[in-house]
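K.L.:
Would you mind keeping the following structure in view while I ask a few things?
The values are calculated or read from the model by the stated rules, or taken from the named source; none is laboratory data. Being a predicted model, the structure only gives us computed values, none of them experimental. All Cβ positions, glycine included, derive from the backbone under ideal geometry; neighbour counts span all protein chains shown. Accessible surface is based on the protein model in full, side chains and every heavy atom, while ligands, DNA and RNA are left aside. Shrake-Rupley method; radii C 1.70, N 1.55, O 1.52, S 1.80 Å.
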Amino acid sequence: MNTQTLHISKGAFKMESINNISTNTLTNEYCIKQKDKKDIICNKCYSFTTLNFRKSMVALLEKNSKLLSNSIIEWDNLPRIFDLYFRFDSHGELINSNNIQNYVNIARKNPKTTFTLWSKRFDIIKKFFDNNDKPSNLILIYSNPILDKPLTKIPKHFDKTFNNVLKLSYKKYYNQHTMFFNKNEITRDMKTKIKNDYETYKNNFDKDNNINCFQKCKDCLVCYTFNDVKTIIEKAK
């Protein structure tokens, strides 16, 4: 293994055909602090779950974390990318200013590829791009951590926002609609109405919440191209 070469992961499942350079979520201080907070998407982090079962991948991503954050990678050691669309941080989150500088340099070295980076680290992004130009082939998406509150206002230097809304299970929906009633006050008719209302809620959820992220990335590319869609909304899993 070349210790100076970044590992490129192949896209799979939803990200089929979209390759990526990612970092290790399990050792990212920001991710560790966020993952146990309630009412934010980090509490449902797929990466923590996935990487705990993929030990071989953890080592590769940890190598990326160190290479990207410890120093600025020499130009000749930056990868050549031949994909039309590429993602930064399918796993992980920005670590520091070295990390974003290295991503910027990769984008500059590969001007024919469009790169997309999702990040919650507004602090790192703002501080860096207040003093540096953003490559024209880099799309920055602010990953809104707050559930059920889609952002239409785009933070400085970002191009889009990515948001998650949570569809309630029937049990939670039922509890919300009966929480102020005593058990003996909940009639059969009331239960029937709640059940029918839930079916309407469930069937209309996508439309009512303006869901526009629901398929494989390669078949959509809203996040990977410059376009008029600035607010992306997905159902939290």
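K.L.:
Long-range amide H contacts for Thr231: which residues qualify at under 5 Å (H placed 1.01 Å from N, peptide plane, sequence gap of 5 or more or a different chain)?
P.N.:
Correct list: Thr161.
K.L.:
Label points 7 Å out from Cα along the Cβ direction at Lys191 and Thr27: separation in nm?
P.N.:
5.4
K.L.:
Quick one: net charge around Asp39, please, counting Lys, Arg +1 and Asp, Glu -1 for every other residue with C-beta under 10 Å from its C-beta.
P.N.:
Around Asp39, the surrounding residues sum to +2.
K.L.:
May I ask for the net charge around Leu138, where only other residues with Cβ less than 11 Å from the Cβ of Leu138 are counted and Lys, Arg are +1 while Asp, Glu are -1? Walk me through the intermediate numbers first.
P.N.:
On the way: positive: Arg108, Lys134; negative: Asp133, Asp159.
Its environment carries a net charge of 0.
K.L.:
From the list (i) 1.05; (ii) 0.96; (iii) 1.13, can you say which value of Rg/Rh (Cα atoms, Kirkwood Rh) was derived from the structure given?
P.N.:
(i)
K.L.:
Compute the length gained on full extension between Asn96 and Asp123: take 0.36 nm times their separation in residues and subtract their Cα-Cα distance, giving the result in nm to one decimal.
P.N.:
8.7 nm
K.L.:
If you don't mind, there's one more thing I want to ask. Go through Lys37/Lys126; Lys33/Lys127; Lys37/Lys134 and tell me which ones have a Cα-Cα distance over 26 Å in this structure.
P.N.:
Lys37/Lys134
K.L.:
I would also like to ask the following. Can you give the accessible area of Thr152 in Å² (nearest 10), computed on protein heavy atoms with a 1.4 Å probe?
P.N.:
Rounded to the nearest 10, the figure is 110 Å².
K.L.:
Treating the angle as unsigned and between 0 and 90°, give the value, to the nearest 10°, between the Cα long axis of helix 55-70 and the longest Cα principal axis of the chain.
P.N.:
The angle comes out near 60 degrees.
K.L.:
Taking all protein chains as present, what is the carbon and sulfur share of the accessible area of the chain, in % to the nearest whole number, probe 1.4 Å?
P.N.:
Using a 1.4 Å probe with all protein chains present, the chain comes out at 52 percent carbon and sulfur.
K.L.:
Taking only protein heavy atoms and a 1.4 Å probe, what accessible area per residue, in Å², does segment 183-236 have with all protein chains in place?
P.N.:
69
K.L.:
Apply the Karplus curve 6.51 cos²θ - 1.76 cosθ + 1.60, θ = phi - 60°, to the phi angles in segment 46-52 and return the couplings in whole Hz, x for Gly and Pro.
P.N.:
Rounded to whole hertz, the list is 5, 5, 4, 5, 5, 5, 5.
K.L.:
Would you mind working out the accessible area per residue for segment 1-144, using a 1.4 Å probe, and quoting it in Å²?
P.N.:
Accessible area per residue, segment 1-144: 51 Å².
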